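Structure first, commentary second.
The values are calculated or read from the model by the stated rules, or taken from the named source; none is laboratory data. On a predicted model such as this, the values are computed, not experimentally measured, just so you know. Backbone-built Cβ (ideal geometry, glycine too); neighbour counts: all protein chains shown.
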Amino acid sequence: MFARRSLQRLLSELKNKLTPAAIAKLEHELNRHEPSALGYEWELALLYALSQVGTVTYEADSHPGSRRPDLTFIDNESSIRFVADVTMVSDAGLEEENPVMRFSHSLHRLKRKYGLAGSLNYHVSGVTDGPSRHKQKTRLKLPKLADMDRFLAEHVGPWFRSIADEKQARATIKVTEADVEFSIVYDINERYGGGGYPSYTAAQSRTKNPVYSALKAKAGQLKKSGATGPCGIFLCDGGCALLSKPGRQMQEVSLDEVIYEFFRQYSSVAFVAVLVFPPTRAQPFTGLVKELRITRQLYINPRATGALPEQELLQLINRGLASLPPPVATPRDALRWIARGRPLQGQTYNTIHYSGGLMTGSVKLSARKIQEVLAGRSTAQELFSQFDSPGRPFRNPFEAALQQGLTIDSVKLTKQPDADDDLMEIRFSLPDPAISKIKAG
């Protein structure tokens with residue numbers, strides 16, 4: 001979500017504000033190659049943000065209960081003080097029941113096995129049922145997770161083989177078995193594929209959903225802390241669809257309804273602050289648009305005994321969050337990077353920029369990827385193959401420059417403090433007689 005360089009800076013600046021034990025715990029958890037690391041990113045971000053507008057402690061032992069709350073905050077300039085827990089909410093449980101991402105990964109891996117270069121567009125059917133309208137659940141008609149690879153190899157593998165053998169440019173398959181139903185379109189001329197399926201994350205119940213479950217669990221933990229002041233919960237985005245739906249939804253339960261139902265049952269929690277990234281949206285011509293910013297929504301419990309002033313608290317949270325570095329990935333993308341990336345390594349730049357004319361002026365690209373090539377961890381062919389289009393291999397700009405008689409004229413490194421990679425700009429000379437014709441005059 002944040003660059004590792006940014007996380008290091010936040011942790012270093014908190015070193016004199018938190019206990020050594022707190023710093024050591026955050027350091028350990030942030031370095032774990034597990035989804036839980038994202039939750040600790042949120043904790044670190046909130047600790048840093050609140051430390052900019054008041055005094056904050058982490059897992060303070062000043063409370064009489066058996067459990068320590070995540071945050072204890074005091075604003076030195078106003079009467080606002082509270083204890084709070086931080087929880088990251090995701091759709092992980094629902095995704096385990098509906099493994100459409102695993103389906104997509106297995107499908108594309110099988111396609112690569114048969115050497116197919118085109119795109120895939122798939123559609124998965126679903127069924128919605130339950131004892132009543134507010135207790136219904138949507139289930140995708142997919143193979144069981146344990147059977148996914150075997151099922152696709154058996155039902156889709158022969159289709160891929162026929163496409164490869166017959167060199168088909170476009171083909172379609174529909175698979176219908178017991179509790180399994182999906183269709184796939186292969187097109188060699190399309191660069192980008194995609195998938196469609198009914199929403200299995202839509203909440204049908206105010207209490208049977210990931211948000212309410214997280215709130216209920218945190219309310220119980222705060223009660224065990226024995227804290228006597230106002231208590232709050234920070235709900236942080238971990239890739240939960242319900243978090244980004246505050247208003248009333250057509251035939252779905254909204255975030256507002258879930259939180260107000262929680263307040264109705266728990267007067268011990270004074271506020272819930274929701275920190276979430278805007279939902280990804282599709283836009284004509286540009287494709288998927290992801291906004292890398294944190295939005296916030298504050299809910300005040302009207303039944304709470306220790307009420308806090310809404311506007312003052314919101315302004316305080318906003319001021320603190322404004323001090324954070326810019327995010328580099330949405331929570332969903334961050335979790336994918338944790339799952340697929342190398343331990344202890346942040347993301348690299350995955351684009352190439354040209355100036356001064358294609359392959360005649362300069363090229364900007366990832367400094368880390370160049371270093372990996374020089375270290376022997378990857379090859380130049382592997383580096384540039386990621387930019388290939390169907391039927392159009394990417395042309396290595398350094399090879400192209402050599403063919404034109406151009407040598408490297410200068411190299412400039414642009415450091416990026418809030419990213420985990422730097423940009424290397426390599427400028428090429430005019431035709432150099434060292435590798436081209438000698439000309440008169």
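Quick notes on this structure:
- If you filter the range 1-39 down to residues that are of a type in the set (Ser, Thr, Tyr) and touching a residue at least 12 places away in the same chain (Cβ under 8 Å), you find that the one that is farthest from TRP337 (Cα to Cα) is THR19.
- Entirely in the range 339-428, the strands (runs of 3 or more DSSP E) that have 2 or more residues that are outside the structural domain of ALA169 (by TED's automatic domain parsing) and exposed (fewer than 12 other Cβ atoms within 10 Å of the Cβ): 408-414
- Verdict on ALA146 being within 33 Å of the chain's Cα centre (by Cα), within 22 Å of GLU95 (Cα to Cα) and of a type in the set (Gly, Ala, Ser): yes
- Identity of the residue in the range 40-68, assigned to a loop (DSSP other than H, G, I, E, B) and free of Cβ contacts under 8 Å to residues at least 40 places away in the same chain, that ends up farthest from the chain's Cα centre (by Cα): SER62
- Matching residues in the range 69-79 - criterion: being in a loop (DSSP other than H, G, I, E, B) and either of a type in the set (A, V, I, L, M) or surrounded by 15 or more Cβ atoms within 10 Å (Cβ to Cβ) (or both): PRO69, ASP70, ASP75
- Some residue of the range 80-89 being among the β-branched types (Val, Ile, Thr), surrounded by fewer than 17 Cβ atoms within 10 Å (Cβ to Cβ) and either part of a helix (DSSP H, G or I) or touching a strand residue (DSSP E or B) at 6+ places or on another chain (Cβ under 7 Å) (or both): no
- When LEU145, LEU71 are screened for being more than 30 Å from PHE394 (Cβ to Cβ) and outside the structural domain of GLU181 (by TED's automatic domain parsing), only LEU71 passes.
- Residues satisfying the stated conditions in the range 167-204, i.e. under 26 Å from the mean Cα position of the chain (by Cα) and among the small types (Gly, Ala, Ser): GLY193, GLY194, GLY195, GLY196, SER199, ALA202, ALA203
- Residue within the range 236-246 that is touching a helix residue (DSSP H, G or I) at 6+ places or on another chain (Cβ under 7 Å), crowded, with 17+ Cβ neighbours inside 10 Å, modelled with pLDDT of 95 or more and closer than 14 Å to LYS218 by Cβ present: yes
- Residue in the range 297-316 that is among the basic types (Lys, Arg), surrounded by 13 or more Cβ atoms within 10 Å (Cβ to Cβ) and part of a loop (DSSP other than H, G, I, E, B) present: yes
- Subset of the range 217-235 (residues that are under 25 Å from the mean Cα position of the chain (by Cα) and surrounded by fewer than 14 Cβ atoms within 10 Å (Cβ to Cβ)): ALA217
- For the range 358-379, a residue qualifies if it is among the hydrophobic types (A, V, I, L, M, F, W, C) and more than 23 Å from ALA419 (Cα to Cα), and the qualifying residues are LEU358, MET359.
- Search result, residues across the range 219-235 that are modelled with pLDDT of 90 or more and either on the phi > 0 side of the Ramachandran plot or touching a Cys at 6+ places or on another chain (Cβ under 9 Å) (or both): ALA219, LEU222, LYS223
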